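Presented below is the structure to which this report refers.
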Amino acid sequence: MKNKLLLISLTSIFIIIFVIFYKGLQDTNIYTPESKMNNKIPLFTANLFYSGEVINSSELFISNRFYLLNIWSSWCVPCRQEHSFLMDFSDNEKVTVIGINYKDTKSNAKSFLDELGNPYEEIIFDESGINAIEWGAYGVPESFLIHNGVVIRKYIGPLNEKLVKEIESSIK
Amino acid sequence: MKILRLSFIIFFIFSFNYLKASNEDMKSKITKNLRCLICQGQSVYDSDSEFANSLKVLVDKKLEEGFSENEIYVYFKDKYGEWILYDPGLNKNTYILWLLPILIFLIGGAIVIKSFIFKK
């Protein structure tokens, strides 16, 4: 009886451990931060790219319009891929595109915009990368759709046709 | 005389606990407990990625602003979730992590008590 109980307990412990490890093997180990929705935009001060003026983040998102905040850099290859989509959005009257230039040099960023066009109404110059962290970003490119001072969508990685359609349907 | 010397040594050793760690030490401590999300498996302290370097600058800034260690953890947890902390708190996702060692200890203890004490 005692041996039987021991055998049952050992077998069940073995099965539990096996299931945990088997499940662990199947899960991807790359963690992507949860896209927390309906978060209020962070409050911070930042330097503007062209004027160098110090501005409060709340001054940039004043009206109840839609804003597309895009974190980009001239050294980021996927940023080049998504740039044409941002240029299209700059023609859209329903949305204002704001940029955060992440850990870049001004001369490189200017050449990037001269070459591909400037879709941004305003650009924050984030030399140390802390403004991007304030937004909960962890790389470039990343985009945030903002409405009424609240982040309603977050896109990690470059924008593509599918995501552009999703944004367009959100701002209708 | 010996007792006096001994108590002086003990007092000297214990007084180290009251020395306030400088911001640099605190920064190292905090960044060692934050996970780098780009090079996962490394702490922010060990990593030299763009993300980790920005995070180090922000930790420095927050310490200068007078944030406590705990407030900084809460700040980053709010932005990136519990996963960014190497020392997560007790919640519905981590309760197994916290309770399993206690459970194993209790079961093990019960087996030891049963086999060695009650047998006698």
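Derivation of every value follows stated rules applied to the coordinates shown; laboratory data play no part. In this text, all values refer to a predicted model and were calculated from it rather than measured experimentally. Backbone-built Cβ (ideal geometry, glycine too); neighbour counts: all protein chains shown.
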Inset, instruction - Among B:39, B:52, B:63, flag the residue with its Cα farthest along the positive direction of the charge dipole of the stretch B:22-88, charges on Cβ as +1 for Lys/Arg and -1 for Asp/Glu. - result: B:39
Inset, instruction - Please identify, among B:75, B:95, B:45, the residue showing maximal mean-square fluctuation in a Gaussian network model of chain B using a 10 angstrom Cα cutoff. - result: B:95
Legend entry - About the Cα centre, charge dipole magnitude for the stretch B:22-88 (Lys/Arg +1, Asp/Glu -1 at Cβ), debye: 120
Inset, instruction - Name the residue, out of A:14, A:89, A:61, whose mean-square fluctuation peaks in a Gaussian network model built on chain A with Cα pairs under 10 Å. - result: A:14
Inset, instruction - Could you check the simple spin-label distance between residue A:14 and residue A:87, using points 7 Å along Cα→Cβ, in nm with one decimal? - result: 6.5
Legend entry - Distance (nanometres) between label positions extended 7 Å along Cα→Cβ at residue A:150 and residue A:54: 3.2
Inset, instruction - Work out the length of the dipole vector of the stretch A:39-170 about its Cα centre, built from +1 on the beta-carbon of each Lys and Arg and -1 on the beta-carbon of each Asp and Glu, and round it to the nearest 20 debye. - result: 340
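With the Cα gyration tensor of the stretch A:31-172 giving a ≥ b ≥ c as the square roots of its eigenvalues, does the rule (a/c under 1.5 for rounded; else a/b larger than b/c for prolate; else oblate) give rounded, prolate or oblate?
Taking the square roots of the gyration eigenvalues as a ≥ b ≥ c, the stretch A:31-172 is rounded.
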Inset, instruction - Hey, for a label at residue A:1 modelled as a point 7 Å past Cα toward Cβ, could you say which residues of the stretch B:96-112 have their backbone N under 18 Å away? - result: none
Legend entry - Computed over chain B: relative contact order in percent, which uses C-alpha pairs under 8 Å that are six or more apart: 18
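Taking a 25 Å limit on the Cα-Cα distance, which of the listed pairs B:32/B:77; A:23/B:79; A:40/A:172 fall beyond it? Mind dumping the intermediate values first?
On the way: B:32/B:77 15 Å; A:23/B:79 28 Å; A:40/A:172 21 Å.
Checking Cα-Cα distances, A:23/B:79 exceed 25 Å.
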Legend entry - Highest-MSF residue in chain B out of B:97, B:63, B:55 [GNM, Cα springs under 10 Å]: B:97
